[in-house]
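Down below is the structure, laid out as C-alpha cells.
The values are calculated or read from the model by the stated rules, or taken from the named source; none is laboratory data. Computed from a predicted structure; not experimentally measured. Positions of Cβ are generated from backbone atoms using ideal geometry, with glycine treated the same way; all protein chains shown enter the neighbour counts.
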Amino acid sequence: MMALLSGLFQPMGIFLFGIGGGFLIPILHRLGKPWLHGGFALFLLGLTLSSLVPLLVVLRDGVPLEILTAGATPPLAINLRFGLAEGAVAASVNVVACLLAMALWDRLRGNHVALLLFLILTMGINGMILTRDAFNLFVFLEIVSIGTYGLLGLGTSRAAVQAAMKYVMATVIASMVFLLGTGLIYQATGHLNIDLLLAGRDALGAPIAAVGVALMLGCLLLELKPFPANGWALDVYETAPPALAAFLSVCASAGMIFAFAKLLPLFPDYLGFITASAALTFLLSNLIGLRQDSPGRLLGYSSIGQMALLVLALAVLTGMGAEDALPFVVFGLFVNHLLSKAGLFVLAGALGPGGVGIARGLGRRPGLAVLLALFVIAICGLPPFPGFWAKWDLVMHLAMDGRTGLIAVVLAGSLLEAAYLFRWFLRALAPNDDHAFPPTPAHVMVPLVALAALLMISGLACAILTGTATPVTLAPLAVGAALATLGQVVRGRVLGAVTLATIAATGWWLPMPDGIPGLFAPLLLAGGLVIALSGLAQDAPGRLQYPMLAVLLLALQAVLRVETGLEFYLAWEFVALAAFFLITQRPQALNPALMFLMFSLVAAFLLLAGFAQLAALSGTQVLAGLDIAHPAALPGLVLMAAGLLVKGAALGPHVWLPEAHAEAPGEVSAQLSAVVTKGAMFGLLAGGYAVIRAGGVDVSHALAWIGMATTLGGALMALAQTDAKRLLAYSSMSQLGYIVLAIALMGHLGWVTALYVVANHMLVKGILFLAVAGVVLRTGTRRLDGWGGLAGAMPLTCATVTIALLAMAGLPPLMGFGGKWLLLSALVDKGWTGLAIAGAIATFLGLWYMLRLFAAMVMGPPDSSPARLGEAPALLLVPQLLLVIGIGVMTFLPKTLMGPVSAAIDPDFATTLVWEGRSLEAIYAAWWPMPTMLAALGASMVLAVLWLAVGLTGRTATGLRAVLVTARPLPAWAMPPLAMRGWAGMWRAAHDAADGARRVYSGDGQVYLMLVLGYILAVFAAGQIAPS
Amino acid sequence: MTVFPVSTVLMATGFGLILIGLAGVLLHRNVLRMIIGFGLMDSGVAIVLVATGYVTGGTAPIIDADLSAGDATARVVDPVPSALTVTAIVIGLAVTAVMLAYAIRLYRTHGTLDIRALRDSRG
C-alpha cells in the first residue's frame, strides 16, 4: 500500500498538480462547473498528498529525498530537497490550504481564475520551501506574489482595492531587491546553489557578494513584515476576505519564513540586527493591537507579531548554536500560528460584521464560542497547544544565553497579545440578543473544527515529546473533556454528582505526594469538593460549570504533584484558565475576568522568567533543583516570588482579586477564595523551603512586610466596603497577607502557622462565601444595608457565619486564635516588633469588618419582609455545616492537623524550637507570649469601643446598626484607590504608546514605500557596522 | 582616453535606471507614473543582470563550427545571467500588467489615480 502510494505521490507531484492543474482549469471551466470544481479539488488534494506521502516516506527512511532536474547535478541545474523539515512544513501548509480553500469556497466557487491562482499560489509556497537554488527561490517568490496579487482582487471594496495596490507596490520593490541581490551573488560566486553558497559562505564577505547578501536578506525580512515597513500588509489583512487573509497570513508567510530559515546561515553578521528588528516588531505590533477595532487588522497585527517571534527564535537559537532546539521551538510556534491564526481569521468572518469591541451574545452560539476560546488560548501560547511548549523552550534557551532583555520582550509582547485577543473574546461573549450571526455553513464549520482538532493533536504530541504527558498533568484535561462530552447528554444535578465523584476518584487515584505538598493535596481536594457540593444547589448551571470545575480542582492537585518546572507551569496555567472560564459565566463578571486573566498571566510569566533564570543557573528543570545556594540565584528567586505574590494578591497587584472574587458566581467565588488562592501560597512555601535549604539569600524581612502591608491594606479596604462579597474578597486578601507573613518567618513556627492559617482560611472563607451566596439568593442584594434581621429567617446561615467569623477573628477558643497566637509569638520571637504591632492593628481591623458583616445580617429591622425570606437551600447549607465540622475538628483536636504538619516540615529545620505536636492548650502554657496576645486583644477592644463612641456621638443616634452597617467606617479620602489608579494609568499609558507607534501607519502608500526602502538601507547599514 | 568596457557602461546605465525609477516611484503621486517608475527599475535590474555575465571579447554561447566545446568556457559570454534576465523580464511584465489592472480598478472606484487618496485603512 505504502509502496503504491509513494510511487503515485512524489514531491514532484506538487508541481505537476500545481502547474498542470493550473493549465487544465481554464479548459475544465469550459466543460462546466462540476468539472471545474471536481478538477480543482482533485488537483489540490493531489498536491497535498504529494507532500503528505513523501513526508511519511522520509519519516520512515530518515533520509531526505533529493530531486535533481534537467538530468544534471547542481549547480548546473536546479535541485529541490524534500527532507523532514521541508516535508513537515509543506504538508502542514497544504493541509491548511485545503481547509482554507473550503472556508473560502463561497468566493472561489465558479471563479476559475481564483481557483487557478489558489492552486498556483499553493504550489509556489511549496516551491519556496523545497528549492535549493536562489534564483529558483526568486521565481517561486514571484509566483506566490503574483498569485497573491490576483487573489487580492477577490476583495472588491474600496479599501480592498487600495490595499491591494499598496501591497503590490511594496512587494514588487522587495522582489526586485532580491533579484538584484541574486544577480550580485552570482557575479561574485558563479553559481546560485544554496547548498554551495552555505558551504562557501566565508567567501561572501567580498564587497559585491556582501551587497548581494544584504539585499537578499532585506527582501526576506521585508516579506516577513518588520516594523515599521509593514503598513502595506496590514491593510490587506484588514480588507481581504477573512479566509484569504488567513491564507496569506499563515500559508504564504510559511514559505517566506522557511526561505528565511534556509538562508539564515548566510547572514551571521546580521543576527544582532535581525533579533533587534524582530523583537521590536513583536513588541510594537502587539502593543498596537490594543488599539485595533477591525478584527482583520487586529489579527494582522497579531500575525506580524507571531512572524517576528519566529524570526526572533530562529535568529537567537542559530546565534547561540542551539540548532537542535530549532525544530521543536520554531516548528512548534509555526504550527501553532498556522492552525490557530487560520482558525481565528475564518472565525472572524463567521462572527459577522462589526468591530472587536461590540457585544455579540456569543453564548447563544456555544460552538463558535468554544472555537474562539480555543484559538485565542492557542495563539497566546497557553496550554495545551504547541505554542505553549515552544515558548517555554524558547524562554529556557534565552535564559541559557543570558538574554534577559529578550525574555522580557517575549513575555511582554505575549501579555499584550493575550490582552487584546481575550478582550475580543470577552466582548463577543457579552450578552446582546440583537446581534445577528450570519449562518455558519458547513464549508466554514468543517475547517474550523478540523483546525481545532489538529491543534489539540499537535498539542498532545508536544506533551508526549516533552515527557509532560503524565497521568498527573493529563488528568485535568481528560476528565474535563469527558465531562464536557457527558454534558451533552446529562445536565444539572446528575452531571454535578458525576463530576464530584469523578474528581474525588481521580484525586484519590493520583499518587499522594510527601512533605508539604502532601499536606495541601488532601486539604484542597476535600475543601474543593465540599464547596463544589454547593454547586448542586443550582437548577441549571452553565455548560462550563462542571467540566471547568473538574479542570480547576484536578489541575490544582497536579500543581502539588509535579516534578519539573514545565509540568508545574502547565498545571499552573490550567488552574488560571479554568478559573477564568468559571468567572466568565456571569455576564457582569466579564471585565473582572479579563483583569483576573491578565494578572494571572503576569504572575505566570514572572514565574516562567524566574524559573528560566534558575534553570539556566542550575542546569536542571527539576523543581528539586531550585535550591541553589548562590547570590546569582537571587534575581530568579525574586521573580518567582513576585509571580506568586501577584497571584497571592499582595498589596499593589491585588486589584484583580476583589473584582474577580466579588463578581464571580457565588460558589465559584467560594472556590477561588477558599481553595484556589492556596496554590500561590503553596508555591511560596515550596519555594521558600528550597531557599532555606540552600541558605544564603535572605529576603524574608522584605517578604514579611509585603505580607503585613497586604494584611493591613486588605483589612482597611474590607472595612470600606458596602458590598458583602467585596468585603469578603478584601478579607481574603488580608488573610493571604497573614499567610505570606507567616511564610516569611522562614522558621518552624512560622510555617506551622502558615499551614494553620491556610486550613483555617479555607474553612472560614468557604463558609462565608457560601453563606453570603445564600443570603444574596434570598434578599436579592449584595449590599450590607439591604440586609437585616436575618437571624429569624435564616438561623442556620447566621449560625455558621457566626462560627466562621469567630474562627477567623482570632478569638479564643476557636482555631483562628491558635493561628494568631502562633503568628504573633513567632514575630516577637524573631524580634520583628514592628510587624508584631502592625499585626495587632490588623487584628483589630479584622474584628471590625467582621463585626460589620455580622451586624448587617442579624441586627436591625429587616428591609425586606421576613415572610418572603427562608433559610438558604439545603445544598448550600450542607457544605457550610461540613466546613463547620472541620473548624470543630481543628479546634478541639488540633493534633489532626498539627501532627502531619510537624511531620512534613523538615525535622532539622529550625533548631531553636522544639515542636512536639501537642494540643494547643499545652503549647499556650509552654510559651510566654500569651500576655502579648491578650494585650493585643485588649487593645483592640479598647480601640473598638472608642471608635464606636466616636461614631455614635458624631451623628444623630440612628442606632448601633447605622454606625456599624450603613455608615462608611472610613472617609473616602482616607482610602484613595491608589493601586487601581496606578494600574489604570499603566493601561492608559500602553494605549497612548500604541497610538504613538501606529502613527507611522498613515495609510499613504508612498510613505510605506519609503519605509520599505529605509528598512533595506538599515539592513545594509547593519551589515557594514557588524564585526565580520 | 580610458575606454570603459561595455559591462561598466551597462552597469552604470542599469543602476542609473534603477535610481531614476525609484525616484519616479517615490516622487510622483500619480499611480500610473509610479508604475512607469517600477518599469524603469525593472529594466535597470535586467541590464545590471546581463552586465554581470559579460566577458570582454566574448562571443555568443553557441557551440558550433567556430566554437569548440573545449574553448567554450574561455571565450563565451556567461549565458546564465541572460537566462535569468529573460525570466525576470517575463515576471516583470506580469507584475506590470497586474499593477495596471489595479490602477484601472482604482480609477473606476475612486475616480482618481492619486496615491494619497488611498488612505481608507490606517493606524
Legend entry - Filter result for A:Leu524 (closer than 26 Å to A:Ile885 by Cβ and touching a Gly at 6+ places or on another chain (Cβ under 9 Å)): yes
Legend entry - Unique residue being more than 10 Å from chain B (Cβ to nearest Cβ) and either in contact with a Lys or Arg (Cβ under 6 Å, 6 or more places away or on another chain) or within 15 Å of A:Ala252 (Cβ to Cβ) (or both) when the list is A:Gly205, A:Gly150, A:Gly127: A:Gly127
Inset, instruction - Filter the range A:20-43 for residues that are surrounded by fewer than 17 Cβ atoms within 10 Å (Cβ to Cβ) and part of a helix (DSSP H, G or I) and give the result. - result: A:Gly20, A:Phe23, A:Pro26, A:Ile27, A:Arg30, A:Leu31, A:Lys33, A:Pro34, A:Trp35, A:Gly38, A:Ala41, A:Leu42
Inset, instruction - From the list A:Gly200, A:Gly190, pick out the single residue that is among the small types (Gly, Ala, Ser), over 19 Å from A:Met128 (Cβ atoms) and within 12 Å of another protein chain (Cβ to nearest Cβ). - result: A:Gly190
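Please specify each residue of the range A:464-482 satisfying the condition of being part of a helix (DSSP H, G or I) and β-branched (Val, Ile, Thr). Break it down stepwise before answering.
First, the residues of the range A:464-482 that are part of a helix (DSSP H, G or I): A:464-465, A:471-482.
Across the range A:464-482, the qualifying residues are A:Ile464, A:Val472, A:Thr473, A:Val479.
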Inset, instruction - For the range A:363-385, state whether one or more residues are in contact with an Asp or Glu (Cβ under 6 Å, 6 or more places away or on another chain), more than 27 Å from A:Phe580 (Cα to Cα) and not in a helix (DSSP H, G or I). - result: no
Inset, instruction - Give just the number: which of (1) free of Cβ contacts under 8 Å to residues at least 60 places away in the same chain; (2) in contact with a strand residue (DSSP E or B) (Cβ under 9 Å, 6 or more places away or on another chain) does A:Ile503 not satisfy? - result: (2)
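Table: residues versus (1) touching a residue at least 40 places away in the same chain (Cβ under 8 Å); (2) closer than 30 Å to B:Arg108 by Cβ.
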position	(1), (2)
A:Ala159	yes, yes
A:Val168	no, yes
A:Ser175	yes, yes
A:Gln187	no, no
A:Ala243	yes, yes
A:Phe247	yes, yes
Inset, instruction - Look at A:Leu59 and say whether it is hydrophobic (A, V, I, L, M, F, W, C) and part of a helix (DSSP H, G or I). - result: yes
Legend entry - Test set (1) modelled with pLDDT of 95 or more; (2) surrounded by fewer than 24 Cβ atoms within 10 Å (Cβ to Cβ) - A:Ala259 fails condition number: (2)
Legend entry - Selected residue (only one of A:Val479, A:Val449, A:Val410 is at pLDDT 95 or above, buried (at least 18 other Cβ atoms within 10 Å of the Cβ), assigned by TED's automatic domain parsing to the domain that holds A:Gly332 and of a type in the set (Val, Ile, Thr)): A:Val410
Legend entry - Residue check, A:Ala660 crowded, with 23+ Cβ neighbours inside 10 Å, within 19 Å of A:Phe581 (Cα to Cα) and small (Gly, Ala, Ser): yes
Legend entry - Unmet requirement for A:Val1000, which otherwise passes all of (1) under 29 Å from the mean Cα position of the chain (by Cα); (2) within 18 Å of B:Arg122 (Cβ to Cβ): (1)
Inset, instruction - State all residues of the range A:186-214 that are within 22 Å of A:Val1012 (Cα to Cα) and buried (at least 23 other Cβ atoms within 10 Å of the Cβ); if no residue qualifies, say none. - result: A:Gly212, A:Val213, A:Ala214
Legend entry - Neighbours by Cβ (under 7 Å, 6+ apart or cross-chain): first from the range A:635-660, more than 16 Å from A:Ile743 (Cα to Cα); second assigned to a loop (DSSP other than H, G, I, E, B): A:Leu657/A:Ala649
Inset, instruction - Could you please find all residues in the range A:159-168 being at the interface with another protein chain (Cβ under 8 Å from one of its Cβ atoms) and touching a Phe, Trp or Tyr at 6+ places or on another chain (Cβ under 9 Å)? - result: A:Val161, A:Ala163, A:Ala164, A:Met165, A:Lys166, A:Val168
Inset, instruction - Name, by its number, the condition in (1) surrounded by 18 or more Cβ atoms within 10 Å (Cβ to Cβ); (2) farther than 30 Å from A:Ala97 by Cβ; (3) within 25 Å of the chain's Cα centre (by Cα) that does not hold for A:Gly467. - result: (1)
Legend entry - Residue that is farthest from the other protein chains (Cβ to nearest Cβ), among those in the range A:133-147 that are β-branched (Val, Ile, Thr) and closer than 10 Å to A:Leu117 by Cα: A:Val144
Legend entry - Qualifying helices (runs of 4 or more DSSP H) (wholly inside the range B:20-123; at least 3 residues being away from chain A (no Cβ under 11 Å) and within 19 Å of the chain's Cα centre (by Cα)): B:31-52, B:79-110
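Here's the yes/no breakdown for (1) surrounded by fewer than 24 Cβ atoms within 10 Å (Cβ to Cβ); (2) within 30 Å of A:Cys98 (Cβ to Cβ); (3) free of Cβ contacts under 8 Å to residues at least 12 places away in the same chain; (4) among the β-branched types (Val, Ile, Thr):
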site	(1), (2), (3), (4)
A:Asp324	yes, no, yes, no
A:Gly352	yes, yes, no, no
A:Leu372	no, yes, no, no
A:Pro386	no, yes, no, no
A:Leu394	no, yes, no, no
A:Phe437	yes, yes, no, no
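Just to verify a result, which residue in the range A:969-1028, among those that are among the basic types (Lys, Arg) and closer than 30 Å to A:Ala650 by Cα, is nearest to the other protein chains (Cβ to nearest Cβ)?
A:Arg988
Just to check your reading of the model, which residue among A:Val356, A:Val316 is assigned to a loop (DSSP other than H, G, I, E, B), in contact with a helix residue (DSSP H, G or I) (Cβ under 9 Å, 6 or more places away or on another chain) and either crowded, with 20+ Cβ neighbours inside 10 Å or hydrophobic (A, V, I, L, M, F, W, C) (or both)?
A:Val356
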Legend entry - Residue ranges of helices (runs of 4 or more DSSP H) in the range A:634-730 with at least 3 members within 30 Å of A:Thr779 (Cα to Cα): A:656-663, A:666-670, A:700-719
Inset, instruction - Could you please find all residues in the range A:40-80 being under 19 Å from A:Leu16 (Cα atoms), without any contact (Cβ under 8 Å) to a residue 40 or more places away in the chain and β-branched (Val, Ile, Thr)? - result: A:Thr69
Inset, instruction - Sort through A:Thr156, A:Thr171 and tell me the only one that's of a type in the set (Ser, Thr, Tyr), surrounded by fewer than 24 Cβ atoms within 10 Å (Cβ to Cβ) and within 11 Å of another protein chain (Cβ to nearest Cβ). - result: A:Thr156
Inset, instruction - Could you look through the range A:57-115, keep only residues that are touching a Leu at 6+ places or on another chain (Cβ under 6 Å) and among the charged types (D, E, K, R), and pick out the one that is farthest from A:Leu339 (Cα to Cα)? - result: A:Arg107
